[in-house]
Amino acid sequence: MQQVTVSVCTITYNHADYIAQTIESVLAQTGPGLVVEMVIGDDGSSDGTREIIAGYAARYPHQIKPLFHEKNLGANANTRACLLACTGEFIAALEGDDYWTDPTKLHRQVEALRAAPDCAMCFHDAAFVYEANSVDRDKENWKDSFAEQYPLILPATTEPEQPCVRFSQQDIVRLGHFMPTPSLLFRASSIPRPLPDWFLKVYAGDTTMQLLSTAHGPALYLPRRMAAYRKHAGGLSLTSRSSLKRNISTIWQTQHYLRIFDRSLAPYFESSLEQLYFERSLLHQGLGQQGKRLFYYGCALTVNRRVFFGHFKRLASRFLQR
């Protein structure tokens, strides 16, 4: 049996309307010597997603490797299970409601990484596909792609193509979420497997994998649009309580990053925590929890040592003026 070049790690849950297009976009991948397997972790879907996957697995048994979970594990646990089943030299990320738009995508990325042995992963531009129930309902603010949304970070997708750009681990921490998940391709050797237990608790699994990978080398950006990223509500609720839950999870994640990643990244994590604690304070205010509001306001003032004295001087000045 041929050695697998790329394992596609796909997590899905109730994506019956989308999963066939996702799978077809993987089956369409082509390139000299390219051998692709698709590991699909279905997280207990109840809408027919599982049956669609099973149908493809029956037709393409050497390419489609389904993992059917009887109960819902959650996205991060599902990702960890899928990664353990991947056997390729490279691992591509593709969630069950996204898809690829260029049949040469994987070939281009593999060739780019082989030509840049210092890089641990690569990514490219992706188009936004807005569903009818998109969270962003202000069409005036809609962008066509990630490169258009982040023009100061990502070079425009043009013809002829612009040169590839490297992003360090520090760049990722400093600049935030600018890599489209369906564009990610990792060297398998740059991702710990199994993923550590703490990965199950993080809020942003894709960002965490980017940081784990780029501990081994930079990320290479290919300025070419080769995927589609869906934006839809998907049950997302923006109430104060759900926002608080997200905030708590993100604070835990950032605190853990601060403990495990290189100390040179500490200023960026502390700055993020400062913003998160201010947000936490406002969320508790909205819930009428004044004691917690004051506590997390204090956390925000003290967590970032580099600006603490500035906060202290401003507060002292206000107090003395009274």
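Coordinate-derived values only; no laboratory data. From a predicted model like this one, the values you see are computed outputs, not experimental measurements. Here Cβ is always computed from backbone atoms with ideal geometry, including for glycine, and neighbour counts include all displayed protein chains.
Quick notes
- The chain - mean residue ellipticity at 222 nm from DSSP helices (-39,500 (n - 2.57) per run, n ≥ 4, rounded to 500): -13000 deg cm²/dmol
- Within the chain, the longest segment free of exposed loop sites, counting GluC sites (Glu not before Pro) that fall outside DSSP classes H, G, I, E and B and have at most 14 other Cβ atoms within 10 Å, spans 162-322.
- For Gly31, net neighbour charge (Lys/Arg +1, Asp/Glu -1) across residues whose Cβ lies under 15 Å away: 0
- Beyond 30 Å in Cα-Cα separation lie the following of the pairs Lys65/Lys231; Lys65/Lys201; Lys105/Lys231; Lys105/Lys245; Lys143/Lys292: Lys105/Lys245; Lys143/Lys292.
- Relative counts (whole %) of C-alpha pair distances in the stretch 8-164, using bins that are 10 Å wide: 10, 34, 35, 20, 2
- Förster radius 30 Å - calculated FRET efficiency between Leu34 and Arg259 (Cβ-Cβ, nearest 0.05): 0.15
- Extension reserve of the Ile153-Arg114 stretch, reckoned as 0.36 nm per residue once the Cα distance is removed: 11.6 nm
- Burial ordering of Trp100, Trp252, fewest other beta-carbon atoms within 10 Å first: Trp252, Trp100
- Electrostatic tally near His69: other residues with Cβ closer than 11 Å to its Cβ, Lys and Arg +1, Asp and Glu -1, net -1.
- The charge dipole of the chain, taken about the Cα centre with unit charges on the Cβ atoms of Lys, Arg (+1) and Asp, Glu (-1), comes to about 1740 debye, rounded to the nearest 20.
- The packing ranking, built from the mean of other Cβ atoms within 10 Å per residue, places the peptides 8-17, 289-298, 202-211 in the order 8-17, 202-211, 289-298, highest first.
- Each Lys or Arg adds one and each Asp or Glu subtracts one; over the other residues with Cβ under 11 Å from the Cβ of Ala57, this totals +1.
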